[in-house]
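Colleague: I have a structure here, written as structure tokens, and I will follow up with some questions on it.
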Amino acid sequence: MVAGSAAAQARPSLSVTVPADAAGVGGPVVRIERVFGDQRSRELLASGFPARVTMDVELWATGRFTDERLALVRSDWVVRYDAVGEVYRVARAIGDSLYPVGRHASFAALTDALGAPIRVPLPAPSGRRGLYYSARMTVSTLTSTDLADAERWLRGDLGGALQGEVGPVSPVTRLLRTLMSRVLGGQVVRVEARSRRFTG
């Protein structure tokens with residue numbers, strides 16, 4: 001029972017709320033707690049494995065038979081520990097590009113920053129009843145790009161990359177990280193939350 005309780009406490013949690021003074025006008029406030037709460041995630045992050053945090057926030061309208069999704073906002077962050085600089089780096093992923101948004105000198109500082117409330121720009125239509133927001137967060141220790149590059153390398157499709165023509169991180173390094181992540185038990189964690197119903 002003690003071990004099970006500790007595991008439950010380590011799991012990330014998510015909340016999405018609608019400000020009481022302006023229902024849906026500026027969008028919901030989303031808050032994440034314990035993004036890397038379990039020991040396995042912390043160990044992988046400290047070992048240099050990148051973690052991807054994806055957040056989907058949706059606006060829904062309650063229907064008679066089924067609910068209708070009105071809008072979606074997706075945000076992606078990549079978190080990585082820089083062992084040389086001894087800092088945790090956070091970048092925003094937009095399309096195929098990464099844009100640095102923060103550097104944190106400690107794990108505590110990183111989790112504090114990631115746990116700050118976020119106002120999501122997803123306003124609700126005025127006068128509509130039965131609205132609510134839902135949020136879903138996915139935390140993974142490897143990106144799909146890492147896995148795709150490893151598979152391509154195994155097929156022999158990355159000859160140029162092996163000679164340093166495709167960037168600083170070689171597919172061999174990515175392959176080793178992929179295999180090591182599986183040995184260490186890399187995982188994908190998903191959590192969801194829903195706001196109260198409100199009138200826009």
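Only the coordinates and a few stated rules stand behind these numbers; no lab work does. Since this is a predicted model, take the numbers as computed values, not measurements.
Colleague: Which far-off residues, 5 or more places away or on another chain, put their amide H under 5 Å from the one on residue 70, with H placed in the peptide plane?
Modeller: Distant-sequence amide H within range of residue 70: 59, 60, 61.
Colleague: Continuing with the same structure: Provide the per-residue ³J(HN,Hα) series for the range 64-69, in order, calculated from phi with Karplus coefficients 6.51, -1.76, 1.60 and θ = phi - 60°, each as a whole number of Hz, with x at glycine and proline positions.
Modeller: Calculated HN-Hα couplings, in order: 5, 10, 8, 7, 10, 7 Hz.
Colleague: So what are the ³J(HN,Hα) numbers for the range 10-17, from phi and the Karplus equation (6.51, -1.76, 1.60; θ = phi - 60°), rounded to whole Hz, Gly and Pro as x?
Modeller: Running phi through 6.51 cos²θ - 1.76 cosθ + 1.60 with θ = phi - 60° gives 7, 5, x, 10, 9, 9, 9, 10 Hz.
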